[in-house]
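What follows is a single structure, written as structure tokens, with notes after it.
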Amino acid sequence: SVTGVQTCALPIFVPWLPSVIALPLFCYLLPDGPARSVPPFSLPKFLSGFWVNPLAYPDFGWAFLSRFLVLMAAAFLLTYQVFFFIDRLGVAPEDVPGYIFITKLTIGILTVTLTPIAGWLADRFGRIKPFVVLPALSLTAGLLAASVADTLTIFLVAVVLVGIGQAVYAAVDLALCVGVLPDQRNSARYMGVMGIASSLPQSLAPAMAPLLLAIGTGQNFTAMFLCAALFGLFGAATVVPIRKVR
């Protein structure tokens, strides 16, 4: 019905309404400066901008790899919850949105609560690496729990562990990236490259998951979540060699 369509559209469009005010305000407060002269476009030079030699800048390379692995681990749980509820837990399709709401709400509450606390603690102790390693391990533990979950209770425990990991990790992730930039004068370029480590997992995880699910019965969520847990574990390990950030 028309009423049903309008009701479904409200959660999509209403959150964007503040942008009607925010965007003009942003343009007013941060006006563009005069344009600089730039050299002619060169495709080889453009492509080379995406490459940062990890041998020349090992800390940047380790941070990039850690970020990629940790977010890769998280992507598996976030992407395949619907199928997990239906195929593993036997939830009726019409009831899945309610369960997804519970998991999203849980992660949201943990993020809002723990992220500022973790950020304050990192500043208080002057340490960043522990606040990357520990949440990556929490994320790994949550994925291990998800790999054996056969009830909603166990899966919610897994979601809580993953949510704790994501919340604490979000508090210090950017600080770690900024701390390992090879050249502050080209920070935009290096942060753009680092952004690939966060966007690529969103495409790779859904591409890898069907191969893992196809092992054995064709609904092998255990294999998928165990693989994701390995990503999280390696993501924690690759923070350790970083030297520029404590």
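Exactly one residue among L204, L213 is open to solvent by 40 Å² or more (accessible area, probe 1.4 Å), in contact with a helix residue (DSSP H, G or I) (Cβ under 8 Å, 6 or more places away or on another chain) and under 21 Å from V82 (Cα atoms), and that residue is L204. Within the stretch 141-167, the set of residues being polar (S, T, N, Q), closer than 22 Å to L213 by Cα and out of contact with any helix residue (DSSP H, G or I) (no Cβ under 9 Å at 6 or more places or on another chain) comprises T151 only.
Among the residues making up the stretch 176-189, a single one is surrounded by 15 or more Cβ atoms within 10 Å (Cβ to Cβ) and either free of Cβ contacts under 8 Å to residues at least 24 places away in the same chain or in contact with a Cys (Cβ under 8 Å, 6 or more places away or on another chain) (or both): V178. Kindly establish whether S198 is in contact with a Lys or Arg (Cβ under 8 Å, 6 or more places away or on another chain) and small (G, A, S). For S198, the condition - in contact with a Lys or Arg (Cβ under 8 Å, 6 or more places away or on another chain) and small (G, A, S) - is met. With respect to L226, is the statement that it is open to solvent by 30 Å² or more (accessible area, probe 1.4 Å), without any contact (Cβ under 8 Å) to a residue 60 or more places away in the chain, assigned to a helix (DSSP H, G or I) and among the aliphatic types (A, V, I, L, M) true? So L226 fails the test. Residue pairs whose Cβ atoms lie under 9 Å apart, separated by 6 or more positions or on different chains, with the first residue in the stretch 196-213 and touching a residue at least 40 places away in the same chain (Cβ under 8 Å) and the second loosely packed, with under 14 Cβ neighbours inside 10 Å and not in a helix (DSSP H, G or I), are I196/F50. Selection of the stretch 69-91 for residues being over 20 Å from L105 (Cβ atoms) and either in contact with a Phe, Trp or Tyr (Cβ under 6 Å, 6 or more places away or on another chain) or in a loop (DSSP other than H, G, I, E, B) (or both) yields L69, M72, A73, R88, G90. Within the stretch 235-246, is there a residue that is farther than 27 Å from G49 by Cα, open to solvent by 30 Å² or more (accessible area, probe 1.4 Å) and touching an Asp or Glu at 6+ places or on another chain (Cβ under 7 Å)? Checked against the condition, which is being farther than 27 Å from G49 by Cα, open to solvent by 30 Å² or more (accessible area, probe 1.4 Å) and touching an Asp or Glu at 6+ places or on another chain (Cβ under 7 Å), the stretch 235-246 yields no hits at all. Restricting attention to the stretch 77-87, which residues are modelled with pLDDT under 90 and of a type outside the set (A, V, I, L, M)? Result: T79, Y80, Q81, F83, D87. Filtering the stretch 97-136 to residues that are open to solvent by 80 Å² or more (accessible area, probe 1.4 Å) and not in a helix (DSSP H, G or I) leaves only R127. When restricted to residues that are open to solvent by less than 50 Å² (accessible area, probe 1.4 Å) and among the polar types (S, T, N, Q), the stretch 69-96 contains 1.
The values are calculated or read from the model by the stated rules, or taken from the named source; none is laboratory data. Just so it is clear, the structure is predicted and the values come from calculations on it, not from any experiment. Note that we place each Cβ from the backbone using ideal geometry, even for glycine, and neighbour counts take in every protein chain shown. Just the protein is used for accessible areas: all its heavy atoms, side chains included, with ligands, DNA and RNA removed. Shrake-Rupley method; radii C 1.70, N 1.55, O 1.52, S 1.80 Å.
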